[in-house]
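The values are calculated or read from the model by the stated rules, or taken from the named source; none is laboratory data. Note that the structure is predicted; figures quoted are calculated from it, not measured. Positions of Cβ are backbone-derived with ideal geometry, glycine not excepted, and every protein chain shown enters the neighbour counts.
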Amino acid sequence: MIRRHIVSSLLALVTAAAGILAAAAPAGAVPPGSPIFVFFEDLNRLCIQPYGGSVDAGTAVVLEPCHESAVQSWVRDDLGGGVVHYRNVNSNLCLDAFGPAATGTPVIQWPCNNISNERWQPINLHDGPDDFDKKIVSRVSGTSSYCLDVPWYQEVVGLQIQIARCNGTGAQIWYEYA
């Protein structure tokens, strides 16, 4: 319950600061094309961003303390069938699994294209319109067995994220809010 309250409070703060009209969409829904923040473990509020705020292709995507800036903002581009691209607002590059469907494949930012390494499927972990916690499944090589993952569930600033076989642990629970 505390987690949902924190997430709800963060949602209200970001919505007010960004001037996004919450009335335009149902509670918890992200309007198409709106920037979202993706963060891990709401207790420490670590967000994903390109290392050092880089705009260069191939830069590692790492955990950093949330500060709700463009380097931590991502746009979810709908590709159909529940599959999306996550495109960084600052660099305009996509979240990319840099390699095969395998545990330990690093996540980087890369120019957006139609390859499977940039296809993701956010899946709600609970029912309801205000569900913010998700697993984010990688569709690399057409699979759906690998999830966005924090290696060994380490809440370490600067740690590069990866994909790993989906296992239902806290290392693979992510939060999205607009």
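As a summary of the residue check, residue 90 satisfies the conditions (1) polar (S, T, N, Q); (2) within 14 Å of the chain's Cα centre (by Cα); (3) closer than 13 Å to residue 48 by Cβ except for the one numbered (2). Note on the stretch 110-132: residues that are more than 24 Å from residue 90 (Cα to Cα) and assigned to a strand (DSSP E or B) amount to 2. Any idea how many residues of the stretch 30-58 are at pLDDT 95 or above and part of a loop (DSSP other than H, G, I, E, B)? The qualifying residues number 5. Picking from residues in the stretch 114-137 that are in contact with a Cys (Cβ under 8 Å, 6 or more places away or on another chain) and at pLDDT below 95, the one that is surrounded by the fewest Cβ atoms within 10 Å (Cβ to Cβ) is 135. Filtering the stretch 59-98 to residues that are part of a loop (DSSP other than H, G, I, E, B), under 22 Å from residue 171 (Cα atoms) and either in contact with a His (Cβ under 6 Å, 6 or more places away or on another chain) or modelled with pLDDT of 95 or more (or both) leaves 59, 98. Taking first residues from the stretch 100-114 that are under 16 Å from residue 75 (Cα atoms) and in contact (Cβ under 8 Å) with a residue 12 or more places away in the chain and partners that are surrounded by 19 or more Cβ atoms within 10 Å (Cβ to Cβ) and of a type in the set (Lys, Arg), the Cβ contacts under 8 Å between residues at least 6 apart in sequence or on separate chains come to 112/87. Scanning the stretch 49-100 for residues that are of a type in the set (Asp, Glu) and either touching a Phe, Trp or Tyr at 6+ places or on another chain (Cβ under 9 Å) or buried (at least 20 other Cβ atoms within 10 Å of the Cβ) (or both) yields 64, 68, 77, 96.
Residues that are of a type in the set (Ser, Thr, Tyr), within 19 Å of residue 35 (Cβ to Cβ), touching a residue at least 40 places away in the same chain (Cβ under 8 Å) and in contact with a Pro (Cβ under 8 Å, 6 or more places away or on another chain) do not occur anywhere in the stretch 65-79.
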